[in-house]
């Protein structure tokens with residue numbers, strides 16, 4: 001496989017963030033492979049913890065992730081209807097490893113969510129496994145590691161981080 | 001959560017809001033093949049005295065102890081039969097059926113909830129301000145648990161419960177919106193919780209349990225019976 005420049009990965013992650021901020025969630029879902037996972041572990045867990053024996057905030061396989069997207073696009077998803085406004089900032093992007101046809105990528109994030117006069121902040125790092133192809137990437141794993149000690153301030157993770 | 005702590009008492013033991021507040025959770029169960037048992041919502045509420053109360057009811061979701069749903073497959077069926085047989089041996093059929101197939105939302109006055117629903121959660125909550133509470137919640141697990149049971153219990157928990165589930169964020173939204181509404185208390189100094197009042201056997205989706213809580217709270221705070 002050809003060497004991949006960090007800027008290519010950054011372009012992809014910035015585009016991902018834009019889809020989330022514009023609430024184009026069905027398009028965002030298409031970034032994922034059919035066997036993809038999207039995880040938000042609880043804040044007291046190890047980086048590589050498994051949802052099979054640890055309680056996560058979110059542990060979606062591709063099916064549950066597609067259902068999450070369906071839910072968030074409904075009027076009956078009360079927490080997000082009307083939609084909140086969000087801004088996903090992505091920084092400190094690094095290619096950690098290239099194994100076979102997969103890339104391990106990490107980034108730092110700050111995501112703001114605002115609604116009804118209240119702004120919440122989520123921050124931490126994302127660990128991705130990306131599969132390059134056709135001049136872009138697909139996401140095989142997105143693991144969102146929150147740095148906060150818990151979620152008392154925000155009370156929920158109703159958006160996609 | 002940006003709401004008065006007493007609202008979480010109401011929410012944790014309210015049987016009436018599931019179909020509307022959690023419409024998307026039920027949609028999810030409907031679209032996941034075999035995620036619903038052929039069981040209707042049905043049950044009762046009990047005032048346990050001194051502000052404590054419990055709902056006990058049947059519901060169509062899977063329960064790790066021990067209501068099987070088709071999406072848990074043959075392995076799940078074997079595991080749940082094993083658990084059920086254990087209950088049968090220890091408690092006899094009547095109590096085993098009650099443990100396995102009934103959900104319980106149990107409230108211990110003033111701020112402890114033990115909800116034995118699609119998973120067992122223990123939660124407690126303290127006011128940090130009149131309009132903000134800190135919540136701690138735990139997932140309760142059996143000491144002896146197979147890998148299968150642990151995995152599916154955890155999945156059942158996070159699909160509904162927890163801050164990233166398909167249901168709890170909507171509870172948070174509802175409570176925060178109620179808190180906003182209560183800012184108008186100068187105009188309306190009451191909240192209607194009369195559902196099922198005067199019924200001999202209040203249903204799980206009536207509001208007997210709310211009245212049990214509020215009456216006792218009122219007695220403690222104002223030193224007069226409500």
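The values are calculated or read from the model by the stated rules, or taken from the named source; none is laboratory data. Computed from a prediction, not measured in an experiment: that's the story for all the values here. Cβ atoms come from the backbone with ideal geometry, glycine included; neighbour counts cover every protein chain shown.
Can you pull out the residues in the stretch B:135-145 that are loosely packed, with under 15 Cβ neighbours inside 10 Å and in contact (Cβ under 8 Å) with a residue 60 or more places away in the chain?
First, pick out the residues of the stretch B:135-145 that are loosely packed, with under 15 Cβ neighbours inside 10 Å: B:136, B:138, B:140, B:142-144.
Within the stretch B:135-145, B:142 is the sole residue that qualifies.
So which residues in the stretch B:102-136 are within 20 Å of residue B:60 (Cα to Cα) and either out of contact with any strand residue (DSSP E or B) (no Cβ under 8 Å at 6 or more places or on another chain) or not in a strand (DSSP E or B) (or both)? Let's see the steps before the verdict.
Taking the stretch B:102-136 and keeping what is within 20 Å of residue B:60 (Cα to Cα), we get B:102-106, B:114-121.
Those that are within 20 Å of residue B:60 (Cα to Cα) and either out of contact with any strand residue (DSSP E or B) (no Cβ under 8 Å at 6 or more places or on another chain) or not in a strand (DSSP E or B) (or both): B:102, B:117, B:118, B:119.
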Tally, over the stretch A:135-155, of residues that are within 14 Å of chain B (Cβ to nearest Cβ) and modelled with pLDDT under 95: 7
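Give the number of residues within the stretch A:50-64 that are farther than 20 Å from residue A:112 by Cβ and crowded, with 18+ Cβ neighbours inside 10 Å.
If we filter the stretch A:50-64 for residues that are farther than 20 Å from residue A:112 by Cβ, which is where we start, we get A:50-56, A:59-64.
When the remaining residues are screened for being crowded, with 18+ Cβ neighbours inside 10 Å, the result is A:51, A:55-56, A:59-60, A:64.
Total satisfying the criteria: 6.
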Report yes if some residue within the stretch B:180-190 is closer than 26 Å to residue B:25 by Cβ and facing chain A (nearest Cβ under 9 Å); otherwise report no. yes
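Would you point out the residue of the stretch A:112-134, among those that are within 14 Å of chain B (Cβ to nearest Cβ) and assigned to a loop (DSSP other than H, G, I, E, B), that is nearest to residue A:78 (Cα to Cα)?
Result: A:116.
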Among the residues of the stretch B:148-172, the number that are under 12 Å from residue B:24 (Cβ atoms) and without any contact (Cβ under 8 Å) to a residue 60 or more places away in the chain is 2
Exactly one of these conditions fails for residue B:163: (1) part of a helix (DSSP H, G or I); (2) within 14 Å of another protein chain (Cβ to nearest Cβ); (3) touching a helix residue (DSSP H, G or I) at 6+ places or on another chain (Cβ under 8 Å). Give me its number. (1)
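Condition check ((1) within 26 Å of residue B:162 (Cα to Cα); (2) surrounded by fewer than 17 Cβ atoms within 10 Å (Cβ to Cβ); (3) in contact with a helix residue (DSSP H, G or I) (Cβ under 7 Å, 6 or more places away or on another chain)) across all residues:
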site	(1), (2), (3)
A:13	no, no, no
A:18	no, yes, no
A:23	yes, no, no
A:32	yes, no, yes
A:35	yes, yes, yes
A:41	yes, no, no
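Considering the stretch B:178-219 alone, what residues qualify as being free of Cβ contacts under 8 Å to residues at least 12 places away in the same chain, within 20 Å of residue B:109 (Cβ to Cβ) and assigned to a helix (DSSP H, G or I)?
Start the filter on the stretch B:178-219 by keeping residues that are free of Cβ contacts under 8 Å to residues at least 12 places away in the same chain, which leaves B:180-181, B:183-192, B:198-200, B:218-219.
In the following step, the residues that additionally are within 20 Å of residue B:109 (Cβ to Cβ) were identified as B:191, B:218-219.
Of everything in the stretch B:178-219, those that are free of Cβ contacts under 8 Å to residues at least 12 places away in the same chain, within 20 Å of residue B:109 (Cβ to Cβ) and assigned to a helix (DSSP H, G or I) turn out to be B:218, B:219.
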Conditions (1) within 14 Å of chain A (Cβ to nearest Cβ); (2) over 22 Å from residue B:204 (Cα atoms) -> residue B:11 fails only (2)
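Considering only residues that are in contact with a helix residue (DSSP H, G or I) (Cβ under 8 Å, 6 or more places away or on another chain) and within 17 Å of residue A:73 (Cα to Cα), which ones fall in the stretch B:17-31? So that I can check it myself, show each step before the final result.
Of the residues in the stretch B:17-31, the ones in contact with a helix residue (DSSP H, G or I) (Cβ under 8 Å, 6 or more places away or on another chain) are B:17-19, B:21-22, B:24-28, B:31.
Listed by number, the residues that qualify are B:21, B:22, B:24, B:25, B:26, B:27, B:28, B:31.
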Considering the stretch A:108-158 alone, what residues qualify as being in contact with a helix residue (DSSP H, G or I) (Cβ under 9 Å, 6 or more places away or on another chain), surrounded by fewer than 18 Cβ atoms within 10 Å (Cβ to Cβ) and more than 21 Å from residue A:83 (Cβ to Cβ)? A:135, A:136
Check the stretch A:73-87 and report whether any residue there is under 14 Å from the mean Cα position of the chain (by Cα) and surrounded by fewer than 17 Cβ atoms within 10 Å (Cβ to Cβ). yes
Considering only residues that are over 19 Å from residue B:169 (Cβ atoms) and within 12 Å of chain B (Cβ to nearest Cβ), which ones fall in the stretch A:46-75? A:49, A:50, A:52, A:53, A:54, A:61, A:63
Quick one: is residue A:67 without any contact (Cβ under 8 Å) to a residue 24 or more places away in the chain and exposed (fewer than 15 other Cβ atoms within 10 Å of the Cβ)? no
